[in-house]
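J.: Following this message is one structure expressed as structure tokens.
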Amino acid sequence: MARLVMKFGGTSVADIDRIRNVARHVKREVDAGHDVAVVVSAMSGKTNELVAWCRDAAPLHDAREYDAVVASGENITAGLLALTLEGIGINARSWQGWQLPIVTSNAHGSARILDINGGELIKRFKERKEVAVIAGFQGVHKETGRITTLGRGGSDTSAVAIAAAIQADRCDIYTDVDGIYTTDPRIVPRARRMPKIAYEEMLELASLGAKVMQVRSVELGMVHNVRIFVRSSFEKPEDIDPHGTPPGSLICGEEEIVEQQVVTGIAFSKDEAQISIRRVPDKPGVAAAIFGPLAEANINVDMIVQNVSEDGSTTDLTFTVPETDFERARTTIEKAKAQIGYSRLDAASDVTKVSVIGIGMRSHAGVAAQAFKALAEKGINIRAITTSEIKFSLLIDEAYTELAVRTLHSLYELDK
Ligand code: ADP
Ligand code: ASP
Ligand code: MG
């Protein structure tokens, strides 16, 4: 007998038929003797609709009320799944974030989980074999008692945090793909499913654009050593062999991975914008004059490239920011023009960051150089480059995203 967390994303609970399918997956695990806590997302499209309503009602909305509205999507699916489970003879009870409680910081819209009380759930497993159905994505701020949400895709984080709190043996993430692929299978049909992936690699994949898992959920999994298994909810519950290993990907410690590839995955993000400042004085204090005001405006700068000065007195500087902060970043720099003293500002939002990830890069040189050559052969210009121990990222024109991802996918033999 094991203790399991089963998380179902938006497409897996999109209507009552799919919720019935989820209930049968839960029943399968209960019948096998396991204790189960289920975490659900809102029905697919629901959170987007709620967000749009908030914007429509008040463009500069109060984040506390935004959370009160957008958290409601998960309340509905949690209640509906509990009802459906009871209908097929399974003891079940729904839980909203404040009821457990799932205590969070008060950063409304992107709150962090601080504490979860799993005691009541464990008691109910023991006393009545009761399945807990928990609304994902939400929590409560301790001091104010206000509802909070964990940022888009946050149900993954709810699930992993609950798995840590109740010391679950495994956290199963059921979604619309049957695992983690070498790149987004919607872009590269030849992408392959990875049987295992290290936390660190998954963390990079997620933070560099692969939306399959929320970044914080992977961080939590790594810190608390939660075994996360990503699998499909569309597999028929009746077809799953209770003694076999279903298709899926295990996110686990590096030491569990026997055959380590040099490159394991490719991620991309179209949510990037580039700003180039021309003829900036090449002297101490200039970087501070540029990035200080951006930091004060709470704008995250990602890639930074400074050219070597040609004439010894001025240089060009390029950096990227999230596309959502593009206009703010541009005005911030324009306002600081007198202090910085540049001649021209060029900006582009039709850019993509493509990233190549693999723990094996630690011990292999020249991995990035191969990419530069392969992209050049396809006529793709690289606007900026950053590297770190287990990944490198390239900024290119957005129109070449698919071509670049496919080219790199074949180059590193991920198609095979
Ligand atoms: P859910 O609603 O279940 O949380 P998401 O839409 O958040 O599901 O995440 C699943 C999607 O992530 C897939 O449909 C897939 O298109 C996308 N995705 C992006 N990169 C990858 C990858 N490397 N492996 C698998 N899926 C990926
Ligand atoms: N429903 C929320 C969202 O769409 C949380 C989630 O699905 O994980 O972002
Ligand atoms: Mg998701």
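The values are calculated or read from the model by the stated rules, or taken from the named source; none is laboratory data. Quick caveat, the model's predicted, so the values are computed rather than measured. Heads up, the Cβs are rebuilt from the backbone with ideal geometry, glycines too, and the neighbour counts pull from every protein chain shown. For accessibility, only protein heavy atoms count, side chains too; no ligands or nucleic acids. Shrake-Rupley method; radii C 1.70, N 1.55, O 1.52, S 1.80 Å.
J.: Within the group Val177, Val226, which residue is part of a loop (DSSP other than H, G, I, E, B), open to solvent by less than 50 Å² (accessible area, probe 1.4 Å) and within 15 Å of ligand 2 (Cβ to nearest atom)? Full working, then the answer.
T.: Details: Val226 fails: within 15 Å of ligand 2 (Cβ to nearest atom).
Within the list Val177, Val226, the selection yields Val177.
J.: Oh, and also: Identify the residue in the stretch 1-15 that is in a strand (DSSP E or B) and either charged (D, E, K, R) or modelled with pLDDT under 95 (or both) and, among all such residues, is nearest to ligand 3 (Cβ to nearest atom). Outline the logic, then answer.
T.: Keep residues of the stretch 1-15 that are in a strand (DSSP E or B), which gives 3-8.
From what is left, the residues that are either charged (D, E, K, R) or modelled with pLDDT under 95 (or both) are 3, 7.
Details: Arg3: 23, Lys7: 9 Å.
Step by step, filter the stretch 1-15, then rank; the result is Lys7.
J.: Of Ala132, Ala164, which residue is buried (at least 19 other Cβ atoms within 10 Å of the Cβ), assigned to a helix (DSSP H, G or I) and more than 16 Å from ligand 2 (Cβ to nearest atom)? Break it down stepwise before answering.
T.: Working: Ala132 fails: assigned to a helix (DSSP H, G or I).
Residue meeting the stated conditions: Ala164.
J.: Moving on. Please determine whether any residue of the stretch 190-213 is open to solvent by less than 80 Å² (accessible area, probe 1.4 Å) and under 23 Å from Arg18 (Cα atoms). Lay out the reasoning, then the answer.
T.: Here is the first cut: in the stretch 190-213, the residues open to solvent by less than 80 Å² (accessible area, probe 1.4 Å) are 191, 194, 197-210, 212-213.
After this cut, where a residue has to be under 23 Å from Arg18 (Cα atoms) as well, the list is 212-213.
Checking the stretch 190-213: at least one residue is open to solvent by less than 80 Å² (accessible area, probe 1.4 Å) and under 23 Å from Arg18 (Cα atoms).
J.: So is Val22 in contact with a Leu (Cβ under 9 Å, 6 or more places away or on another chain), within 16 Å of ligand 3 (Cβ to nearest atom), assigned to a helix (DSSP H, G or I) and at pLDDT 95 or above or not?
T.: Working: in contact with a Leu (Cβ under 9 Å, 6 or more places away or on another chain): yes; within 16 Å of ligand 3 (Cβ to nearest atom): yes; assigned to a helix (DSSP H, G or I): yes; at pLDDT 95 or above: yes.
Yes, satisfied.
J.: Of all residues in the stretch 50-73, how many are in contact (Cβ under 8 Å) with a residue 12 or more places away in the chain, open to solvent by 50 Å² or more (accessible area, probe 1.4 Å) and touching a helix residue (DSSP H, G or I) at 6+ places or on another chain (Cβ under 9 Å)? I'd like the intermediate steps shown before the answer.
T.: We begin by selecting, within the stretch 50-73, every residue in contact (Cβ under 8 Å) with a residue 12 or more places away in the chain; these are 50-51, 53-54, 63-64, 66-73.
Okay, now just the ones that are also open to solvent by 50 Å² or more (accessible area, probe 1.4 Å), so 53, 64, 69.
Those still in the list that are touching a helix residue (DSSP H, G or I) at 6+ places or on another chain (Cβ under 9 Å) too: 53, 69.
Total meeting the criteria: 2.
J.: A further question on this structure: Of all residues in the stretch 1-38, count the ones that are within 16 Å of ligand 1 (Cβ to nearest atom) and among the basic types (Lys, Arg).
T.: 2
J.: So Ile333 passes all but one of these: (1) modelled with pLDDT under 95; (2) over 28 Å from the mean Cα position of the chain (by Cα). Which condition number does it fail?
T.: Against the list (1) modelled with pLDDT under 95; (2) over 28 Å from the mean Cα position of the chain (by Cα), Ile333 comes up short only on (1).
J.: Of the residues that make up the stretch 33-43, is at least one more than 16 Å from ligand 2 (Cβ to nearest atom) and assigned to a loop (DSSP other than H, G, I, E, B)?
T.: Yes; the residues of the stretch 33-43 include at least one that is more than 16 Å from ligand 2 (Cβ to nearest atom) and assigned to a loop (DSSP other than H, G, I, E, B).
J.: Suppose we filter Phe291, Phe268 for residues that are at pLDDT 95 or above and surrounded by fewer than 18 Cβ atoms within 10 Å (Cβ to Cβ); which single one remains?
T.: Numbers: Phe268 fails: surrounded by fewer than 18 Cβ atoms within 10 Å (Cβ to Cβ).
Among Phe291, Phe268, only Phe291 is at pLDDT 95 or above and surrounded by fewer than 18 Cβ atoms within 10 Å (Cβ to Cβ).
J.: How many residues, within the stretch 229-242, are open to solvent by 60 Å² or more (accessible area, probe 1.4 Å) and in a loop (DSSP other than H, G, I, E, B)? Break it down stepwise before answering.
T.: Let us first name the residues in the stretch 229-242 that are open to solvent by 60 Å² or more (accessible area, probe 1.4 Å), namely 234, 236, 238-239, 241-242.
If we keep only those that are in a loop (DSSP other than H, G, I, E, B) too, we end up with 234, 236, 241-242.
The total comes to 4.
J.: Looking at the stretch 199-208, is at least one residue within 29 Å of Lys416 (Cβ to Cβ) and assigned to a loop (DSSP other than H, G, I, E, B)?
T.: We begin by selecting, within the stretch 199-208, every residue within 29 Å of Lys416 (Cβ to Cβ); these are 199-208.
So of that shortlist, the ones also assigned to a loop (DSSP other than H, G, I, E, B) come out as 208.
Yes, the conditions are met somewhere in the stretch 199-208.
J.: Further question on the same structure: Could you tell me which numbered condition Thr352 fails, if it satisfies all but one of (1) under 19 Å from Arg383 (Cβ atoms); (2) in a loop (DSSP other than H, G, I, E, B)?
T.: Condition not satisfied by Thr352: (2).
J.: Here's another thing I want to ask about it. Can you name the residue in the stretch 192-225 that is of a type in the set (A, V, I, L, M) and in contact with an Asp or Glu (Cβ under 7 Å, 6 or more places away or on another chain) and, of all such residues, is nearest to ligand 3 (Cβ to nearest atom)? Lay out the reasoning, then the answer.
T.: Step one: of the stretch 192-225, the residues of a type in the set (A, V, I, L, M) are 194, 197-198, 202-203, 205-206, 208, 210, 212-213, 215, 218, 220, 222-223.
Add one more test, that the residue is in contact with an Asp or Glu (Cβ under 7 Å, 6 or more places away or on another chain), and what stays is 198, 203, 210, 213.
Numbers: Ala198: 20, Leu203: 16, Ala210: 11, Met213: 7 Å.
Checked the stretch 192-225; the qualifying residue nearest to ligand 3 (Cβ to nearest atom) is Met213.
J.: Cβ contacts < 7 Å: first residue closer than 23 Å to Ile257 by Cβ, restricted to the stretch 359-381; second residue surrounded by 15 or more Cβ atoms within 10 Å (Cβ to Cβ) and of a type in the set (Phe, Trp, Tyr), any location; separation 6+ or different chain. Result?
T.: Within 7 Å, the pairs are Ala368/Phe392.
J.: May I pose another question? Please identify the pairs in which a residue from the stretch 1-19 that is more than 26 Å from His243 (Cα to Cα) and in contact (Cβ under 8 Å) with a residue 60 or more places away in the chain has its Cβ atom under 7 Å from the Cβ atom of a residue that is surrounded by fewer than 24 Cβ atoms within 10 Å (Cβ to Cβ) and hydroxyl-bearing (Ser, Thr, Tyr), counting only partners at least 6 apart or on another chain.
T.: Thr11/Ser44
J.: What pairs come out if I take residues in the stretch 312-336 that are free of Cβ contacts under 8 Å to residues at least 40 places away in the same chain and pair them with residues that are buried (at least 20 other Cβ atoms within 10 Å of the Cβ) and assigned to a helix (DSSP H, G or I) whose C-beta lies under 8 Å away, six or more apart or interchain?
T.: Pairs that qualify, where the first residue is free of Cβ contacts under 8 Å to residues at least 40 places away in the same chain and the partner is buried (at least 20 other Cβ atoms within 10 Å of the Cβ) and assigned to a helix (DSSP H, G or I), are Thr332/Leu294.
J.: Consider the stretch 90-125. How many of its residues are touching a residue at least 60 places away in the same chain (Cβ under 8 Å) and either open to solvent by 40 Å² or more (accessible area, probe 1.4 Å) or acidic (Asp, Glu) (or both)?
T.: The number of residues fulfilling the criteria is 2.
J.: Among Val258, Val286, which is the only one that is loosely packed, with under 15 Cβ neighbours inside 10 Å and among the aliphatic types (A, V, I, L, M)? Spell out the reasoning first.
T.: Working: Val286 fails: loosely packed, with under 15 Cβ neighbours inside 10 Å.
Only one candidate passes the filter, namely Val258.
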